[in-house]
Structures are given as structure tokens and as C-alpha cells.
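These notes concern the structure reproduced below.
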Amino acid sequence: MDTASKPAMTPEFATGLRDFLLVGVENEFPTTKKVLAAVPVGEYRPDPKARTASELARHIAEVEVQFLHEIANLEFKMEPMYKDIPDDIPGLVSWYETEFPKGVQRVRAMTPEQLTTPVDFYGVMKMPAVNYLTFVEKHSIHHRGQLATYLRPMGSKVPDIYGGSADEPFNP
């Protein structure tokens, strides 16, 4: 999908859209952190084609932070940006807790002109930078759901994600 041929997004709209979408991204952060923290020690792979629990946890945290920085950089790169992410789950959660706000701040500091700049996404599409914030949220939610299904077979408890779980009932 190439939005470069569509009517231009106004700077005012792009700024409002960024602020709106960042609310959703930031609202998902505590839930993602809870799911990551619930991954117990030990490896679990539900299928030979699937990632292990720790690989999936790292993928969620790393890509979410990397996407935020790539939006701010106006450039997506396939290679991982981070070489120093801890291998253990508590270290990963701590890294995510520190790095996620930095990515959000970089996006929040983008000018309206930067937000409306068309950015190529690996040759698949080209959209205004602000549009990729939906990818940050959807990618994380998608993989977080996968990881949540690993928890109980690993002997862990599934945290409240959207209104409670059998292990953490909804308590209004």
C-alpha cells in the first residue's frame, strides 16, 4: 500500500494522530510487562516451528522498542538495534521498562513534518511515519497473545490482560 499518491496528511492531523495512538501504545505497556514477567525459568516450545518462550519474550520487547526508534529515525532496518539485551526474563523486563519510555519520548518529540514523512517499510509499503504506531501496538498484542498461551503449560500463571484470567480474576 503506497500512501504517497494519496492526499497529503496535514501536520495538525498527524500530531493529533500521534498523540492518540501513543495513548494506546502506552496503555498496553503495563500489560505487556506483566506477561513478560510471568515467563518462568526454563524453555518451552509448543511446536518445532514456534519460538521458545524466552525467544518470543525477547522478540516482543526488542521489536516494540526498535519500532519506536525506527519511526523516530524515519527508517526501518531489518537488523536488530540492540546487542546488550539481558538473556534472563527479569533482566529483559528491566531493560524493556527502561527502554520503552525512551522510544515513546523520541516519537513524542517528532515534528509534524517528520510525522508526515513517508517511510518505506522493507519495500512492502510506504506510509507517513505516524501510521506505523499502529504496527507497534498490533505487533506487540499479537505476540503477547502467543506468549500468554505458553504460560500455563510452563507452570506459570496467566496475568489479567483484558478483564481478568482464571489465575488473576477481574476485580473492579
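All of the numbers you see were taken from the coordinates with simple rules; none came from a lab. Since we're looking at a predicted model, the values are computed, not measured. Using ideal geometry, Cβ is built from the backbone for each residue, glycine included, and neighbour counts are taken over all protein chains shown.
On full extension, the segment bounded by Gln105 and Thr134 gains 8.8 nm, given 0.36 nm per residue less the C-alpha separation.
Sites listed here are trypsin sites (Lys or Arg not before Pro) in segment 47-145 whose DSSP assignment is loop and whose Cβ has at most 16 other Cβ atoms within 10 Å: Lys49, Lys77, Lys83. The fraction of all Cα pairs in the chain landing in successive 5 Å bins from 0 to the largest distance is 1, 8, 17, 19, 18, 14, 10, 7, 4, 1, 0, given as whole percents. Note on the chain: lysine pairs with Cα distance below 20 Å, sequence gap of 8 or more or different chains, count 13. Distance from the Cα centroid of segment 111-172 to that of segment 41-85 is 12 Å (rounded to whole angstrom). Around the Cα centre of segment 3-154, unit charges on the Cβ atoms of Lys, Arg, Asp and Glu (plus for the first two, minus for the last two) sum to a dipole of about 320 debye. Rounded to the nearest 500, the helix-only mean residue ellipticity at 222 nm of the chain stands at -18000 deg cm²/dmol, with each DSSP H run of n ≥ 4 adding -39,500 (n - 2.57).
Result for the chain in a Gaussian network model with C-alpha springs under 10 Å: among Leu17, Leu115, Leu92, the largest mean-square fluctuation is at Leu17.
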